[in-house]
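Nothing in this text is a laboratory measurement; each read-out follows from the coordinates by a stated rule. Note that the structure is predicted; figures quoted are calculated from it, not measured. Methodologically, a virtual Cβ is constructed for each residue, glycine included, from the backbone with ideal geometry; neighbour enumeration extends over all protein chains shown.
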Amino acid sequence: MAAITMKNIVKKYGDGFPAVNDISLDIADGEFMILVGPSGCGKSTLLRMIVGLEDITSGEMLIGGDRVNEKAPRDRNLAMVFQNYALYPHLTVFENIAFPLRLHKAPDTEVKERVNQAAELLELTEHLDRKPANLSGGQRQRVAMGRAIVREAQAFLFDEPLSNLDAKLRGQMRTEISRLQKQLGITTVYVTHDQVEAMTLGDRVAVLRKGILQQVASPRTLYQEPVNLFVAGFIGSPPMNFIPATVGDGELSTPFGPMHLPESRSVDLSEHEVVLIGARPESFEDAAVVSDTIRDHGVTFDVHVDVIEWLGNEQYAYVPYEAPEDIRVQLAELERELDSEALRTQLVVSLDATSRMAEGSNAPLWLDLRKVHIFDPSTGANLT
Ligand code: ATP
């Protein structure tokens with residue numbers, strides 16, 4: 001097992017802008033690190049540089065304290081699990097798992113012992129004589145992991161391993177990977193664009209965008225304290241709402257009415273004319289069901305409720321609004337730049353199941369001001 005350290009890693013393909021741009025990241029021994037971001041953000045390229053499948057343009061990659069930039073993949077002793085598992089169809093499960101040991105000419109007794117151990121751990125013992133074609137997707141995945149386990153690799157690297165599986169199996173495999181990783185305590189780097197995987201699997205999550213590392217933090221910190229608009233909009237589903245507001249006399253003026261930030265969220269707004277107020281769907285509530293003990297921590301607006309989606313344990317309300325024209329122009333560029341649906345002209349808010357808010361009605365909507373974020377629309381920075 002080993003720590004993985006990246007120092008100012010850059011990857012350029014030809015003359016284009018860097019696919020990976022000056023990334024420094026420390027992955028501790030035994031840590032489960034997720035690399036997440038939209039398509040093309042450079043996460044697979046970064047993983048491939050750890051494994052040695054891609055040259056590093058500049059910067060330094062250390063595994064277990066040793067510089068590996070010039071080391072061939074086979075000398076790095078890492079185990080990579082791909083989306084398609086890369087199993088040999090003509091070999092049995094036993095031989096597929098045994099493959100790396102056979103390559104190293106391990107004696108038969110050792111091969112047997114280690115494959116059986118891995119199979120037991122992965123609950124594959126009764127399938128050892130089968131061929132991959134006769135296994136389920138989840139079982140194939142486990143065979144691929146078995147092969148990684150018998151090698152006693154320094155780290156596991158996963159490149160979107162679950163994206164070919166159906167939703168139910170994906171859920172099961174997620175739990176299984178998490179359990180195995182904890183049991184084995186092996187350093188793991190896992191690439192995904194699925195934020196559920198990112199939030200549930202990792203000790204820490206590294207969010208990438210256009211080759212640049214945006215934030216590295218625990219799932220909880222990413223969700224509660226995103227450093228910028230991109231991370232705030234990328235993590236969370238439905239995404240955070242961003243409400244444009246103009247600043248005047250220490251007060252925020254929003255399409256719903258004025259807003260005074262509480263002490264705990266107060267920021268220096270003197271340099272700003274327009275800001276974006278970030279509020280997660282669950283930071284809102286039907287004012288009619290908010291208890292008196294917390295009501296004072298928020299603000300209540302009269303809104304028009306367009307659509308209600310009832311999900312049993314909660315409900316989503318869609319609340320349209322119009323930002324003033326001059327703000328809309330300012331935000332149009334940001335919207336393009338963020339390439340997310342984060343800046344919409346409707347709020348998506350989560351209401352308690354007991355709320356009786358009706359579609360097409362006007363109703364009082366409460367926002368918990370202790371939980372809002374204030375973003376600078378020009379830099380994207382979270383000012384709170
Ligand atoms: P995805 O989720 O779609 O796989 P990703 O985040 O893993 O995306 P990468 O595959 O690492 O992204 O690609 C990062 C950038 O580098 C993209 O702009 C991509 O087009 C570019 N790129 C990747 N591989 C090559 C290559 N072999 N030659 C040229 N450009 C490449």
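Summary of values
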read-out: Size of electric dipole in the chain: Cβ of Lys, Arg +1 and of Asp, Glu -1, about Cα centre, debye, nearest 20; value: 2060 debye
read-out: Furthest towards positive pole of dipole, Val303, Pro364, Leu62, structure part the chain, Cβ charges; value: Leu62
read-out: Order by protection proxy (mean Cβ within 10 Å, highest first), peptides 363-371, 261-269; value: 363-371, 261-269
read-out: Whole-number percent relative contact order across the chain, with pairs defined as alpha carbons under 8 Å at least 6 apart; value: 16 percent
read-out: Proximal lysines to Lys7, defined as alpha-carbon separation beneath 20 angstrom and excluding residues fewer than eight positions away on the same chain; value: Lys43, Lys71, Lys210
read-out: Mean residue ellipticity (222 nm) of the chain, computed from DSSP H runs ≥ 4 via -39,500 (n - 2.57), nearest 500; value: -8000 deg cm²/dmol
read-out: Arg370-Thr109 pseudo-label distance in nm [points 7 Å out on the Cα-to-Cβ vector]; value: 6.5 nm
read-out: Set of aspartates and glutamates with alpha-carbon distance to Lys11 below 14 Å, sequence-local pairs under 8 removed; value: Asp22, Glu54, Asp55, Glu60
read-out: Of Ile50, Ala119, Phe234, farthest towards positive along the dipole that unit charges on Lys, Arg, Asp, Glu beta carbons give the chain; value: Ala119
read-out: Cα-centre dipole for segment 1-156 with unit charges at Cβ (Lys and Arg positive, Asp and Glu negative), debye to 20; value: 400 debye
read-out: Rounded tilt (10° steps) of 93-103 against the dominant C-alpha axis of the chain; value: 70 degrees
read-out: Tilt relative to the chain, helix 325-338 - C-alpha long axis, 0 to 90 degrees, to 10; value: 0 degrees
read-out: Alpha-carbon centroid distance for the pair segment 4-77 / segment 162-221, whole angstrom; value: 17 Å
read-out: Helix 108-121 vs. the chain, principal-axis angle (Cα, 0 to 90°, nearest 10); value: 20 degrees
read-out: Sites Ser39 and Asp15, calculated FRET efficiency, Cβ-Cβ separation with R0 25 Å, nearest 0.05; value: 0.70
read-out: For Ile374, distant residues with modelled amide H under 5 Å away; value: Gly278, Leu383, Thr384
read-out: Estimated FRET transfer efficiency (Ser378, Ala28; beta-carbon r; R0 51 Å; 0.05); value: 0.90
read-out: Burial order of peptide ranges 159-169, 92-102 (average beta-carbon count within 10 Å, highest first); value: 92-102, 159-169
